[in-house]
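*Asks:* Right, I'll just put the structure down here and ask away after.
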Amino acid sequence: MDIDEVFVRIGQFGTAQKKIYCGSFVLSVYFAFHMVQLVITAASPKHFTCNDFKNESLNTFKFNASDKVTSDLACDKQCDSFDYGVEFQSIVTEWGLVCDKAYEVRTVESIFMLGVLFGALLYGSISDRYGRLKAIYIGLAFTIIAGCASSVATSVYMYAFLRLLVGINLGCSIALYVLSVEIVGATERHIMSVLGSVGFAIGIIVYAALGYFIRNWRVLSMLTSASGFTFYAFHLVLVESPRWLLSHGHTARAEKVLRKIALGNGKHYPAHVSLKRPVSTKQATLLDVYGNALLLRWTLIQVYSWYVTVA
């Protein structure tokens, strides 16, 4: 019997899948924390005052950071220290990332996103070879470690390196998305796709609220990074993708997972059923995307959509 036919009998999106989604939701919220972290941890004050101009007559000069003329005037005087006059602490205020050092904030963000790019490729391969759940557990563990370490970074260079590691390991979000759509029936995949985005959106809202009340970037970074441990509380309800297991020849394990889903949904697993392995078990590669006109078109649409919405 085809696996989609089995899902029709045991429940395409029942209680068991909803419990798994709760774990997926928590992790989506967590991933959002890291994706938008620099918005708050690298926040720049609207204006600041130089404490130590070489020309003492300018030491009380106040300017807007958004005003290029006055900013350049102050920065040209080679100010050694600034008074930001704000209640929050960010990597900008702690390490003086203004004037000729302002570009370092954008560099940190670019390095992080570069890590996300490589991480997506890395964890896509890991999840295809070793399983969706293993990829998620490994990626999450390293994300928590690197995220917590970044909160005690002693320099912007150390912080940038640790953010690179966070970005790479956030690539496990690819495995999370795939697992979410593979544990439901074919007709319910679109629902899981949308619900995954809901978790990410709520994560942005929650992070904004945390940033409002927690004004120290180190405390905020440590708290949000460590919150990833909550995902492991769902270990007992999480399952490996039965589709992945079946495609890799682990028929007995796939059947065990499907029986667990059926039990959670209050359904009976079909008796005397032999799962049908997918016809093609060839290991897919990135090149397969370019060799299929439909997949290539969908990929280009997604790339363009990400570019115009993120930019």
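*Asks:* Under 8 Å between Cβ atoms, at least 6 apart or on separate chains: pull out the pairs that start in the range 208-236 with a residue that is at negative phi and end on any residue that is basic (Lys, Arg).
*Replies:* Close Cβ pairs satisfying both conditions: Phe234/Lys19.
*Asks:* For the range 84-102, which positions are assigned to a loop (DSSP other than H, G, I, E, B) and aromatic (Phe, Trp, Tyr)? Explain how you work it out, then say what you get.
*Replies:* Initial filter on the range 84-102 (assigned to a loop (DSSP other than H, G, I, E, B)): 84-88, 90, 96-98, 102.
Tyr84, Phe88, listed by residue number.
*Asks:* Going residue by residue through the range 127-144, is there one that turns out to be open to solvent by less than 50 Å² (accessible area, probe 1.4 Å) and over 30 Å from Lys19 (Cβ atoms)?
*Replies:* no
*Asks:* While we're here: Would you be able to say whether some residue in the range 136-149 is in contact (Cβ under 8 Å) with a residue 40 or more places away in the chain, of a type in the set (Gly, Ala, Ser) and within 26 Å of Leu287 (Cβ to Cβ)?
*Replies:* No: the range 136-149 contains no residue that is in contact (Cβ under 8 Å) with a residue 40 or more places away in the chain, of a type in the set (Gly, Ala, Ser) and within 26 Å of Leu287 (Cβ to Cβ).
*Asks:* In the range 167-186, is there at least one residue being touching a residue at least 24 places away in the same chain (Cβ under 8 Å), under 26 Å from Lys101 (Cα atoms) and within 13 Å of the chain's Cα centre (by Cα)?
*Replies:* The first filter runs over the range 167-186 and keeps only residues touching a residue at least 24 places away in the same chain (Cβ under 8 Å), leaving 167-176, 178-180, 182-186.
Then drop every residue that is not under 26 Å from Lys101 (Cα atoms), which leaves 167-168.
Checking which are within 13 Å of the chain's Cα centre (by Cα) leaves us with 167-168.
Yes, some residue in the range 167-186 is touching a residue at least 24 places away in the same chain (Cβ under 8 Å), under 26 Å from Lys101 (Cα atoms) and within 13 Å of the chain's Cα centre (by Cα).
Per-residue answers, yes or no, for (1) open to solvent by less than 70 Å² (accessible area, probe 1.4 Å); (2) in a loop (DSSP other than H, G, I, E, B); (3) among the hydrophobic types (A, V, I, L, M, F, W, C); (4) at pLDDT 90 or above:
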site	(1), (2), (3), (4)
Leu210	yes, no, yes, yes
Val219	no, no, yes, yes
Leu223	no, no, yes, yes
Glu240	yes, yes, no, yes
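*Asks:* So which of Ala160, Ala146, Ala153, Ala120 is over 14 Å from the mean Cα position of the chain (by Cα) and assigned to a helix (DSSP H, G or I)?
*Replies:* Numbers: Ala146 fails: over 14 Å from the mean Cα position of the chain (by Cα); Ala153 fails: assigned to a helix (DSSP H, G or I); Ala120 fails: over 14 Å from the mean Cα position of the chain (by Cα).
Of the residues listed, the single one that is over 14 Å from the mean Cα position of the chain (by Cα) and assigned to a helix (DSSP H, G or I) is Ala160.
*Asks:* Of all residues in the range 77-126, which are over 21 Å from Phe161 (Cα atoms) and touching a residue at least 60 places away in the same chain (Cβ under 8 Å)? Even if it seems obvious, please write down each step before you answer.
*Replies:* Within the range 77-126, the first condition is being over 21 Å from Phe161 (Cα atoms), and the residues that meet it are 77-88, 99, 124-126.
Within the range 77-126, Glu87, Phe88 meet the criteria.
*Asks:* Between a residue in the range 293-304 that is at pLDDT 85 or above and any residue that is in a helix (DSSP H, G or I) and open to solvent by 90 Å² or more (accessible area, probe 1.4 Å), which pairs come within a Cβ distance under 9 Å, given they are 6 or more apart or on different chains?
*Replies:* Close Cβ pairs satisfying both conditions: Leu296/Tyr290.
*Asks:* In addition: Evaluate the following for Ser180: is it crowded, with 21+ Cβ neighbours inside 10 Å, of a type in the set (Gly, Ala, Ser) and in a helix (DSSP H, G or I)? So that I can check it myself, show each step before the final result.
*Replies:* On the way: crowded, with 21+ Cβ neighbours inside 10 Å: yes; of a type in the set (Gly, Ala, Ser): yes; in a helix (DSSP H, G or I): yes.
For Ser180, the condition - crowded, with 21+ Cβ neighbours inside 10 Å, of a type in the set (Gly, Ala, Ser) and in a helix (DSSP H, G or I) - is met.
*Asks:* For the range 188-207, name all the residues that are touching a residue at least 12 places away in the same chain (Cβ under 8 Å) and within 23 Å of Thr41 (Cα to Cα).
*Replies:* Gly199, Phe200, Ala201, Ile202, Gly203, Ile204, Val206, Tyr207
The values are calculated or read from the model by the stated rules, or taken from the named source; none is laboratory data. What you are looking at is a predicted structure, and each value in this text was computed from that prediction instead of being measured. Counting neighbours? That spans all protein chains shown, and the Cβs are built from the backbone with ideal geometry, glycine included. These accessible areas exclude ligands, DNA and RNA; they are computed on the full protein's heavy atoms, side chains included. Shrake-Rupley method; radii C 1.70, N 1.55, O 1.52, S 1.80 Å.
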